[in-house]
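Have a look at the structure below before the remarks.
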Amino acid sequence: MTRTHRATLIGLVAIVLWASIVGLIRSVSQGLGATGGAAMIYTVASALLLATVGFTPPRDMPRRYLGWGSVLFVAYELCLALSIGYAHTGRQAIEVGMVNYLWPTFTMVAAIVFNRQRANFLVVPGLLLSLAGIAWVLGGEQGVDPAGLWANVQDNPLSYGLAFAGAVIWAAYCTVTARIAQGRNGITLFFMLTALALWAKYLAAGGGAMHWSLPTAVSLALAAAAMGFGYAAWNVGILHGNVTLLAGASYFIPVLSAALAALVLQVPLSAAFWAGVCMVCGGAILCWLATRQ
(Lines give C-alpha, C1' and ligand atoms only; values in the text may rest on other atoms or scores of the structure.)
Protein backbone atom coordinates (compact mmCIF):
# COMPACT_ATOMS: atom_id res chain seq x y z
CA MET A 1 0.00 0.00 0.00
CA THR A 2 1.43 3.37 -1.05
CA ARG A 3 1.73 6.38 1.24
CA THR A 4 -1.14 8.10 -0.61
CA HIS A 5 -3.41 5.09 -0.17
CA ARG A 6 -2.61 4.87 3.55
CA ALA A 7 -3.26 8.58 4.04
CA THR A 8 -6.54 8.32 2.15
CA LEU A 9 -7.61 5.39 4.30
CA ILE A 10 -6.77 7.38 7.44
CA GLY A 11 -8.86 10.25 6.09
CA LEU A 12 -11.79 7.89 5.54
CA VAL A 13 -11.45 6.76 9.17
CA ALA A 14 -11.90 10.41 10.17
CA ILE A 15 -15.24 10.48 8.34
CA VAL A 16 -16.43 7.43 10.27
CA LEU A 17 -15.30 8.97 13.55
CA TRP A 18 -17.10 12.24 12.87
CA ALA A 19 -20.24 10.38 11.83
CA SER A 20 -20.38 8.75 15.27
CA ILE A 21 -20.38 12.06 17.16
CA VAL A 22 -24.15 12.67 17.29
CA GLY A 23 -24.97 9.39 19.03
CA LEU A 24 -21.98 9.59 21.38
CA ILE A 25 -22.60 13.21 22.45
CA ARG A 26 -26.20 12.31 23.21
CA SER A 27 -25.12 9.28 25.26
CA VAL A 28 -22.71 11.38 27.33
CA SER A 29 -25.25 14.17 27.90
CA GLN A 30 -27.78 11.70 29.26
CA GLY A 31 -25.43 10.95 32.15
CA LEU A 32 -23.43 14.14 32.65
CA GLY A 33 -25.88 16.76 31.43
CA ALA A 34 -25.87 18.82 28.24
CA THR A 35 -23.25 21.36 29.36
CA GLY A 36 -21.22 19.22 31.76
CA GLY A 37 -21.05 16.34 29.31
CA ALA A 38 -19.92 18.59 26.47
CA ALA A 39 -17.31 20.21 28.71
CA MET A 40 -15.88 16.80 29.60
CA ILE A 41 -15.81 15.71 25.94
CA TYR A 42 -13.90 18.78 24.76
CA THR A 43 -11.53 18.65 27.72
CA VAL A 44 -10.50 15.06 26.98
CA ALA A 45 -10.44 15.74 23.23
CA SER A 46 -8.10 18.70 23.83
CA ALA A 47 -5.66 16.40 25.63
CA LEU A 48 -5.81 13.94 22.74
CA LEU A 49 -5.17 16.70 20.20
CA LEU A 50 -2.17 17.90 22.20
CA ALA A 51 -0.73 14.40 21.93
CA THR A 52 -1.50 13.89 18.23
CA VAL A 53 -1.69 17.20 16.36
CA GLY A 54 0.36 19.29 18.78
CA PHE A 55 -0.08 22.93 19.74
CA THR A 56 0.51 26.02 17.62
CA PRO A 57 1.32 29.02 19.86
CA PRO A 58 -1.04 31.96 19.33
CA ARG A 59 1.91 34.23 18.51
CA ASP A 60 2.63 32.07 15.44
CA MET A 61 -0.88 32.50 14.01
CA PRO A 62 -2.09 35.39 11.86
CA ARG A 63 -4.07 37.73 14.09
CA ARG A 64 -7.20 37.64 11.93
CA TYR A 65 -7.16 33.85 11.90
CA LEU A 66 -6.64 33.72 15.67
CA GLY A 67 -9.52 36.12 16.27
CA TRP A 68 -12.14 35.05 13.73
CA GLY A 69 -11.13 31.40 13.76
CA SER A 70 -11.41 31.01 17.53
CA VAL A 71 -14.73 32.88 17.75
CA LEU A 72 -16.39 31.00 14.90
CA PHE A 73 -15.01 27.60 15.90
CA VAL A 74 -16.02 27.90 19.55
CA ALA A 75 -19.45 29.21 18.59
CA TYR A 76 -20.00 26.28 16.23
CA GLU A 77 -18.89 23.62 18.68
CA LEU A 78 -21.12 25.09 21.38
CA CYS A 79 -24.08 25.03 19.00
CA LEU A 80 -23.34 21.44 17.95
CA ALA A 81 -22.82 19.95 21.40
CA LEU A 82 -25.62 21.82 23.17
CA SER A 83 -28.18 21.32 20.41
CA ILE A 84 -27.73 17.55 20.74
CA GLY A 85 -27.53 17.66 24.53
CA TYR A 86 -30.73 19.72 24.86
CA ALA A 87 -32.73 17.36 22.62
CA HIS A 88 -35.72 15.84 24.41
CA THR A 89 -35.41 12.37 22.87
CA GLY A 90 -32.96 10.24 20.96
CA ARG A 91 -34.96 10.69 17.75
CA GLN A 92 -34.88 14.46 18.21
CA ALA A 93 -31.09 14.35 18.74
CA ILE A 94 -30.72 12.59 15.40
CA GLU A 95 -32.98 15.13 13.70
CA VAL A 96 -30.94 17.97 15.21
CA GLY A 97 -27.81 16.33 13.84
CA MET A 98 -29.33 16.31 10.37
CA VAL A 99 -30.09 20.03 10.58
CA ASN A 100 -26.44 20.59 11.49
CA TYR A 101 -25.41 18.70 8.35
CA LEU A 102 -26.72 21.51 6.19
CA TRP A 103 -23.22 22.96 6.60
CA PRO A 104 -21.69 21.31 3.48
CA THR A 105 -24.35 22.93 1.30
CA PHE A 106 -24.05 26.27 3.07
CA THR A 107 -20.24 26.11 2.78
CA MET A 108 -20.44 25.70 -0.99
CA VAL A 109 -22.92 28.57 -1.28
CA ALA A 110 -20.72 30.79 0.92
CA ALA A 111 -17.65 29.95 -1.18
CA ILE A 112 -19.54 31.02 -4.29
CA VAL A 113 -20.89 34.24 -2.76
CA PHE A 114 -17.91 35.41 -0.69
CA ASN A 115 -14.84 33.68 -2.17
CA ARG A 116 -15.98 34.09 -5.77
CA GLN A 117 -15.84 30.36 -6.37
CA ARG A 118 -16.92 29.66 -9.94
CA ALA A 119 -20.09 27.57 -10.15
CA ASN A 120 -22.85 26.57 -12.53
CA PHE A 121 -26.64 26.37 -12.24
CA LEU A 122 -26.59 23.15 -10.15
CA VAL A 123 -26.05 25.15 -6.95
CA VAL A 124 -29.68 26.34 -6.92
CA PRO A 125 -31.35 22.90 -7.08
CA GLY A 126 -28.66 21.63 -4.68
CA LEU A 127 -29.56 24.21 -2.04
CA LEU A 128 -33.29 23.64 -2.51
CA LEU A 129 -32.88 19.85 -2.34
CA SER A 130 -30.95 20.06 0.95
CA LEU A 131 -33.56 22.33 2.52
CA ALA A 132 -36.35 20.08 1.28
CA GLY A 133 -34.54 17.10 2.79
CA ILE A 134 -34.50 18.78 6.21
CA ALA A 135 -38.22 19.54 5.85
CA TRP A 136 -38.74 15.86 5.04
CA VAL A 137 -36.72 14.75 8.07
CA LEU A 138 -38.57 17.04 10.46
CA GLY A 139 -42.00 16.30 9.00
CA GLY A 140 -42.25 12.98 10.83
CA GLU A 141 -43.62 9.76 9.44
CA GLN A 142 -45.54 11.57 6.69
CA GLY A 143 -42.50 13.16 5.06
CA VAL A 144 -43.14 16.77 4.08
CA ASP A 145 -45.93 17.84 6.43
CA PRO A 146 -45.93 21.59 7.28
CA ALA A 147 -48.11 21.09 10.36
CA GLY A 148 -46.00 18.22 11.64
CA LEU A 149 -42.77 20.07 10.89
CA TRP A 150 -43.93 23.18 12.78
CA ALA A 151 -45.13 21.13 15.75
CA ASN A 152 -41.80 19.30 15.84
CA VAL A 153 -39.75 22.50 15.84
CA GLN A 154 -42.04 24.13 18.41
CA ASP A 155 -41.43 21.21 20.77
CA ASN A 156 -37.77 22.25 21.11
CA PRO A 157 -36.94 25.45 19.20
CA LEU A 158 -33.67 25.87 21.16
CA SER A 159 -32.11 22.65 19.89
CA TYR A 160 -33.23 23.11 16.29
CA GLY A 161 -32.24 26.79 16.34
CA LEU A 162 -28.77 26.00 17.69
CA ALA A 163 -28.27 23.28 15.07
CA PHE A 164 -29.26 25.59 12.21
CA ALA A 165 -27.10 28.41 13.58
CA GLY A 166 -24.22 25.95 13.86
CA ALA A 167 -24.54 24.99 10.19
CA VAL A 168 -24.35 28.65 9.17
CA ILE A 169 -21.44 29.37 11.54
CA TRP A 170 -19.38 26.39 10.34
CA ALA A 171 -19.90 27.44 6.73
CA ALA A 172 -18.60 30.88 7.71
CA TYR A 173 -15.62 29.31 9.53
CA CYS A 174 -14.64 27.24 6.50
CA THR A 175 -15.02 30.22 4.17
CA VAL A 176 -13.13 32.71 6.33
CA THR A 177 -10.25 30.52 7.54
CA ALA A 178 -9.51 29.29 4.03
CA ARG A 179 -8.42 32.84 3.21
CA ILE A 180 -6.68 33.97 6.40
CA ALA A 181 -5.13 30.88 8.05
CA GLN A 182 -1.94 31.03 5.93
CA GLY A 183 -1.33 27.33 6.46
CA ARG A 184 -1.54 27.49 10.26
CA ASN A 185 -3.56 24.98 12.28
CA GLY A 186 -5.13 26.30 15.47
CA ILE A 187 -7.42 23.34 16.08
CA THR A 188 -5.89 22.35 19.44
CA LEU A 189 -6.14 25.89 20.81
CA PHE A 190 -9.70 26.19 19.52
CA PHE A 191 -10.70 22.96 21.28
CA MET A 192 -9.19 24.24 24.53
CA LEU A 193 -11.13 27.49 24.21
CA THR A 194 -14.32 25.51 23.58
CA ALA A 195 -13.73 23.46 26.73
CA LEU A 196 -13.12 26.63 28.76
CA ALA A 197 -16.31 28.24 27.41
CA LEU A 198 -18.35 25.16 28.33
CA TRP A 199 -16.89 24.95 31.84
CA ALA A 200 -17.62 28.66 32.33
CA LYS A 201 -21.23 28.07 31.27
CA TYR A 202 -21.46 25.03 33.51
CA LEU A 203 -20.18 26.94 36.57
CA ALA A 204 -22.25 30.05 35.81
CA ALA A 205 -25.38 27.92 35.80
CA GLY A 206 -24.53 26.53 39.22
CA GLY A 207 -22.91 23.34 38.09
CA GLY A 208 -25.22 20.37 38.15
CA ALA A 209 -25.17 16.72 39.01
CA MET A 210 -23.08 14.37 36.92
CA HIS A 211 -24.24 10.76 37.12
CA TRP A 212 -21.26 8.59 36.26
CA SER A 213 -21.57 5.01 35.11
CA LEU A 214 -19.47 2.63 33.06
CA PRO A 215 -21.52 3.19 29.85
CA THR A 216 -21.24 6.96 30.33
CA ALA A 217 -17.46 6.77 30.83
CA VAL A 218 -17.09 4.58 27.73
CA SER A 219 -19.24 6.98 25.67
CA LEU A 220 -17.13 9.89 26.93
CA ALA A 221 -13.90 8.20 25.90
CA LEU A 222 -15.31 7.31 22.49
CA ALA A 223 -16.76 10.78 21.89
CA ALA A 224 -13.49 12.50 22.82
CA ALA A 225 -11.55 10.08 20.62
CA ALA A 226 -13.95 10.66 17.73
CA MET A 227 -13.45 14.43 18.10
CA GLY A 228 -9.69 14.47 18.68
CA PHE A 229 -8.53 11.60 16.48
CA GLY A 230 -11.07 12.60 13.81
CA TYR A 231 -9.39 15.96 13.28
CA ALA A 232 -5.93 14.40 13.47
CA ALA A 233 -6.82 11.71 10.91
CA TRP A 234 -8.47 14.21 8.58
CA ASN A 235 -5.35 16.38 8.69
CA VAL A 236 -3.25 13.42 7.50
CA GLY A 237 -5.78 12.60 4.79
CA ILE A 238 -6.02 16.05 3.23
CA LEU A 239 -2.25 16.62 3.39
CA HIS A 240 -1.09 13.32 1.92
CA GLY A 241 -4.13 11.45 0.56
CA ASN A 242 -6.59 11.64 -2.32
CA VAL A 243 -8.39 14.90 -1.51
CA THR A 244 -10.99 14.45 -4.26
CA LEU A 245 -12.02 11.05 -2.91
CA LEU A 246 -12.15 12.33 0.66
CA ALA A 247 -14.22 15.37 -0.32
CA GLY A 248 -16.74 13.20 -2.12
CA ALA A 249 -16.95 10.70 0.73
CA SER A 250 -17.49 13.46 3.31
CA TYR A 251 -20.85 14.34 1.75
CA PHE A 252 -22.23 10.97 2.85
CA ILE A 253 -21.59 11.70 6.54
CA PRO A 254 -25.31 12.42 7.21
CA VAL A 255 -26.32 8.91 6.12
CA LEU A 256 -23.59 7.23 8.17
CA SER A 257 -24.24 9.53 11.13
CA ALA A 258 -27.95 8.72 11.20
CA ALA A 259 -27.22 4.98 10.97
CA LEU A 260 -24.65 5.02 13.79
CA ALA A 261 -26.78 7.29 16.01
CA ALA A 262 -29.81 5.07 15.51
CA LEU A 263 -27.69 2.07 16.53
CA VAL A 264 -26.14 3.76 19.60
CA LEU A 265 -29.38 5.35 20.81
CA GLN A 266 -31.56 2.39 19.75
CA VAL A 267 -33.97 4.61 17.82
CA PRO A 268 -35.91 3.19 14.84
CA LEU A 269 -35.96 5.52 11.82
CA SER A 270 -38.72 5.57 9.21
CA ALA A 271 -38.38 5.37 5.44
CA ALA A 272 -39.46 9.03 5.24
CA PHE A 273 -36.55 9.99 7.50
CA TRP A 274 -34.04 8.15 5.33
CA ALA A 275 -35.47 9.76 2.22
CA GLY A 276 -34.90 13.18 3.78
CA VAL A 277 -31.32 12.27 4.76
CA CYS A 278 -30.57 11.16 1.20
CA MET A 279 -31.99 14.47 -0.07
CA VAL A 280 -29.65 16.40 2.23
CA CYS A 281 -26.68 14.40 0.89
CA GLY A 282 -27.88 14.79 -2.69
CA GLY A 283 -28.20 18.55 -2.31
CA ALA A 284 -24.67 18.85 -0.93
CA ILE A 285 -23.30 16.74 -3.78
CA LEU A 286 -25.08 18.91 -6.36
CA CYS A 287 -23.55 22.02 -4.80
CA TRP A 288 -20.14 20.35 -4.90
CA LEU A 289 -20.62 19.40 -8.56
CA ALA A 290 -21.65 22.98 -9.30
CA THR A 291 -18.15 24.13 -8.34
CA ARG A 292 -16.31 21.49 -10.35
CA GLN A 293 -14.64 22.86 -13.46
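The values are calculated or read from the model by the stated rules, or taken from the named source; none is laboratory data. On a predicted model such as this, the values are computed, not experimentally measured, just so you know. Heads up, the Cβs are rebuilt from the backbone with ideal geometry, glycines too, and the neighbour counts pull from every protein chain shown.
Quick notes
- Residue in the stretch 107-116 that is of a type outside the set (V, I, T), under 22 Å from C79 (Cα atoms) and either loosely packed, with under 15 Cβ neighbours inside 10 Å or at pLDDT 80 or above (or both) present: yes
- When the helices (runs of 4 or more DSSP H) confined to the stretch 220-293 are screened for residues that are surrounded by 19 or more Cβ atoms within 10 Å (Cβ to Cβ) and within 14 Å of the chain's Cα centre (by Cα), those reaching at least 3 such residues are found at 253-265.
- Residues within the stretch 143-157 that are of a type in the set (A, V, I, L, M), modelled with pLDDT of 80 or more and farther than 17 Å from L102 by Cα, tallied: 1
- Residue satisfying all of: in the stretch 50-67; of a type in the set (A, V, I, L, M) and over 21 Å from V176 (Cβ atoms); modelled with the lowest pLDDT among these: A51
- The set of residues in the stretch 61-85 being within 16 Å of A38 (Cα to Cα) and crowded, with 20+ Cβ neighbours inside 10 Å consists of F73, V74, Y76, E77, L78, C79, L80, A81, L82, S83, I84, G85.
- Pairs are defined by a Cβ separation below 9 Å, a sequence spacing of at least 6 or placement on different chains, a first member in the stretch 89-101 that is surrounded by fewer than 24 Cβ atoms within 10 Å (Cβ to Cβ), and a second member that is of a type in the set (K, R); the pairs so defined are G90/R26.
- Counting only helices (runs of 4 or more DSSP H) that sit completely within the stretch 27-101, those holding 2 or more residues that are over 18 Å from the mean Cα position of the chain (by Cα) correspond to 34-52.
- Selection of the stretch 173-214 for residues being small (G, A, S) and without any contact (Cβ under 8 Å) to a residue 60 or more places away in the chain yields G183, A200, A204, G206.
- No other residue among M40, M1 is of a type in the set (A, V, I, L, M) and free of Cβ contacts under 8 Å to residues at least 60 places away in the same chain apart from M1.
- Residue in the stretch 64-79 that is out of contact with any strand residue (DSSP E or B) (no Cβ under 9 Å at 6 or more places or on another chain) and without any contact (Cβ under 8 Å) to a residue 24 or more places away in the chain present: yes
- Selection count, the stretch 73-92, where residues are closer than 27 Å to A181 by Cα and of a type in the set (V, I, T): 1
- Exactly one residue out of A205, A181, A171 is exposed (fewer than 13 other Cβ atoms within 10 Å of the Cβ) and either over 18 Å from I25 (Cβ atoms) or polar (S, T, N, Q) (or both): that is A205.
- Of all residues making up the stretch 203-219, the number that are at pLDDT 85 or above and outside any helix (DSSP H, G or I): 5
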